Amino acid sequence: QDGPQRKKRKSEGGEVDKQLDIVAIGTAVGNILLYSTVKGELQSKLDGGHDSRVNCVRWHQESCCLYSCSDDRHIVEWNTQTCKWKGDNSSITCLCISPDGKMLLSAGRTIKLWDLETKEVYRHFTGHATSVSSLMFTTVKPTNESKPFDGITGLYFLSGAIHDRLLSVWQIRSDRKEKNAVMSFAVTDEPTFVDLTVSEVKEEPVKLAVVCRDGQLHLFEHILNGYCKKPLTSNCTIQIATPGNDGDSTPKPVPILAAVFCTDKESLLLVYGNALQPIIEKVSLNTSETHICLVRDVQKVLSLRTDAAVTKVKTPVVNSDAKVLVPGIPGHSTAVKTPALGKEKKKNKRKPGETEESIEERLGALDIDVSKVKTPGGLPQTDSFAVLLVQGLESNDAQILNKVLNTRKESIVKNTVARMPMHAVIPLLHELTKRLQGNPYSASLMVRWLKSVLTLHASYLSTLPDLIPQLGMLYQLMESRVKTLQKLSRLHGRLFILVTQVAASQTVQDVPEVNQTAKLVYEDDSSEEEGSDDEMIADKDSDENWDEDEEEQSDEQDMTVEKEINGDSDLEPENESEEE
C-alpha cells in the first residue's frame, strides 16, 4: 500500500507543478497561447473564443479555469466546457477574481461584479471616464466583523484608468446604494504598473506601489476604514538617476518600469532601465523619507550594441549636379548608340595604369547631351524628385526629404506626386503629418503636398481597408487647427482695430497746429461810401412807390361810387335779391 500511495502523491505533485508553470498569453488576433516556462516551448493554443484583441487573462486560483476578456465585448471562461457571455456594450479591458473564487470583476468604462455560477451581474460601479487599466482586490476580510461574512460583502478593491492620475478604491456593500468610490490615491502621471499588499487583518494597512509613466514610483500606506473625501498623496516617492560622471556632469533620470512587493512586505523588487534588457534590484522600504533618489550607473550594466546595422538599407549620397537614372520613369527614353562593325568590345577590366572615366564621358558614350542634364541652379528635375522622395522615405533621410519637401512650385509638387509609386503614398502621408505638427512655416509648405496627394491619389486611398486609423492623427490635427481659427480671426480683428486707432491718434498728435490769425488785413474806405449812397437811393424809390399806390386806391374808390349812383353793379340778377 505504501508504494502506490507514494506514486500517487508524486503524480499529484507533478500535476500541480505542471499547472503552475504555464503562462497564458493573449494575442491581438483573439487567440490565447499557453506557454510552458519549464520546457521553454508552446504547450497549446486556445482559439475560437474571441473575434478581436485579447486585453486581459486571469487564472482561477482553485479550479484552474482561465478567464479572458476582449474588444469584442465578451468574457470567456476556458475550461473543459468553454462558456462565453456578453460582458459590456464596449470593449472589456480588465478582469479580477474575488478572493473566494466565486465572483469576477470586469471593467471597460464601468466596473461590473459577476456571479460565476449564474453569470449574472451582482453590482455596478461607475466613476471612470476612460477605459480601466488595472483592477485588484485590496482586502480579504471585511473591516466590520460583527456581521456574518458571505465572501464578498464589505471587501475593498482598487481600479485605475487610462489618462487618469487618480486610483479609486471601491467597497462592495449589501444595500446597493453607494456606487461611487470611497477614496482615491493621487499620483503625478498615468499609472502603468500597480502592486499592493492585501490586508488580512482589520488594523493592517494596505501598502500600494504605483509606477507612473514619467518613471517615478509612489508608495502609499493607508488603513481602509470607510469614506475619505480628499485624495490621498504618497508617503514616499522613489526615483533613479545616473551619477553624471565620465565627462557628463548632468545626471539623467532612469525610468522605473515596474515594482513588486516581496513576501515579507518590507522590501520591493524594482525593475528599471531599458525594456530590452531590464535590471531587477531588491530595495528595502523606508517610508520615513518623502523623496528618495537612487543613483545607479546604468551604462556600465547594460551591454547593448547600438553600432550593429539593423537594416541593409543604405542612405544614398546624392550630388546636386547628378541626374538619377532609373528604368521605368518617364523622361529617360534615350537612343543608345550601337557599336560599329569591326570594332572590338571594350573590356570591363581596367589596366593598372588607366584612370576611371568620368560621368560626363559616360553620358557622352550614351549620346546624352550633358548640358541638358544639368539644370540651372543644380536642382533636380521633376522626374528625379519622385525618385529622391521615394529614396528618402525608404531610408528616412532627413536631408533628402527636406530638399524635396521644401519646394515652393506648385507644378513640381503636382508632377512629383503624380509620378511617385503607390506604395510610397502612405509613408508620405505619415511624413507630412509629422511635419505638420512643427513650425507654421513648414506646415504651410506641407499643406501643398497634402493637397496634391489627396487630390491625385484619392482613388487609391479609398481602397485601403485601414484608412481611418492611418489618417486618424492627420484628421485630429486638422480639427484642432480649425477649431481655433474662428477665435484667432476675432482676436486678429480686434487687434487690428486697436492698432489702427492708436496709429491714427499718433498721426493726429504729430501734425503741428496751424496759426489761423491773419498776417495782413486790408480795409477799403470807398466801399462804405458807395454802400451809403445805395441805401439813400433805395429809400427814395420806396417813398415814390408808396405815393403811387395811394393814388391808385383813391381812383378805384371814386369809380365804385359812380357805379352805385348810376344803378350799375357787378352782381348778377339772380343774386340781387340776396344782396338786398
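The values are calculated or read from the model by the stated rules, or taken from the named source; none is laboratory data. The shown structure was predicted, so the numbers you read here are calculated from the model rather than taken from an experiment. All Cβ positions, glycine included, derive from the backbone under ideal geometry; neighbour counts span all protein chains shown. Note: areas computed on protein heavy atoms with side chains; ligands, DNA, RNA excluded. Shrake-Rupley method; radii C 1.70, N 1.55, O 1.52, S 1.80 Å.
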Give just the number: which of (1) modelled with pLDDT of 85 or more; (2) more than 33 Å from the chain's Cα centre (by Cα); (3) surrounded by fewer than 13 Cβ atoms within 10 Å (Cβ to Cβ) does H291 not satisfy? (2)
Count, please, the residues in region 263-290 that happen to be of a type in the set (A, V, I, L, M) and touching a helix residue (DSSP H, G or I) at 6+ places or on another chain (Cβ under 9 Å). 1
Return the pairs, sorted by first residue and then second, in which the second residue is aliphatic (A, V, I, L, M) and assigned to a helix (DSSP H, G or I), the first residue lies in region 391-404 and is modelled with pLDDT of 85 or more, the beta carbons are less than 6 Å apart, and the residues are 6+ apart or on different chains. G392/I400; G392/L401; L393/A424; I400/L388; V404/L388; V404/L389
Enumeration of residues in region 415-424 that are in contact with a Leu (Cβ under 7 Å, 6 or more places away or on another chain) and open to solvent by 30 Å² or more (accessible area, probe 1.4 Å): A418
For region 432-491, give me every one of the helices (runs of 4 or more DSSP H) that falls completely inside it and has 1 or more residues that are farther than 26 Å from K409 by Cα and of a type in the set (S, T, N, Q). 458-462, 467-470
Among the basic types (K, R) and closer than 19 Å to A258 by Cβ: which single residue out of K147, K207, K202, K141 fits that description? K207
So S411, is it of a type in the set (S, T, N, Q), more than 19 Å from K434 (Cα to Cα) and open to solvent by less than 10 Å² (accessible area, probe 1.4 Å): no
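Tell me whether region 453-462 contains one or more residues that are open to solvent by 100 Å² or more (accessible area, probe 1.4 Å) and not aliphatic (A, V, I, L, M).
Within region 453-462, none of the residues are open to solvent by 100 Å² or more (accessible area, probe 1.4 Å) and not aliphatic (A, V, I, L, M).
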Return the residue satisfying two criteria in turn: it lies in region 502-528 and is open to solvent by 100 Å² or more (accessible area, probe 1.4 Å) and among the acidic types (D, E), and of such residues it is modelled with the highest pLDDT. E523
When the residues of region 123-144 are filtered to those that are among the hydroxyl-bearing types (S, T, Y) and surrounded by fewer than 17 Cβ atoms within 10 Å (Cβ to Cβ), which remaining residue is modelled with the highest pLDDT? T130
If K86 meets every condition in (1) within 35 Å of the chain's Cα centre (by Cα); (2) under 25 Å from I223 (Cα atoms); (3) of a type in the set (K, R) apart from one, which number is that one? (2)
Residue list for region 145-161, restricted to those being at negative phi and open to solvent by less than 60 Å² (accessible area, probe 1.4 Å): I152, T153, L155, Y156, F157, L158, S159, G160, A161
Where a residue in region 73-84 is open to solvent by 80 Å² or more (accessible area, probe 1.4 Å) and its partner, wherever it lies, is charged (D, E, K, R) and part of a loop (DSSP other than H, G, I, E, B), with Cβ under 9 Å and at least six apart: R73/D88
Which pairs turn up if I take residues in region 419-434 that are in the same structural domain as L464 (by the TED database) and closer than 17 Å to S395 by Cβ and look for partners that are in a loop (DSSP other than H, G, I, E, B) and aliphatic (A, V, I, L, M) with beta carbon separation below 8 Å, at least 6 apart in sequence or on another chain? I426/L464; L428/M420
Name the residues in region 484-501 that are open to solvent by 100 Å² or more (accessible area, probe 1.4 Å) and either in contact (Cβ under 8 Å) with a residue 12 or more places away in the chain or not aliphatic (A, V, I, L, M) (or both), would you? Q486, K487, R490, H492, R494, F496, Q501
Criterion: touching a Pro at 6+ places or on another chain (Cβ under 6 Å), open to solvent by 10 Å² or more (accessible area, probe 1.4 Å) and among the polar types (S, T, N, Q) - qualifying residue of T242, T233: T242
Of the residues in region 255-274, those that are farther than 17 Å from P191 by Cα and without any contact (Cβ under 8 Å) to a residue 60 or more places away in the chain come to C262, T263, D264, E266, S267, L268, L269, G273, N274
Residues that are in a loop (DSSP other than H, G, I, E, B) and surrounded by 21 or more Cβ atoms within 10 Å (Cβ to Cβ), drawn from region 182-209: V187
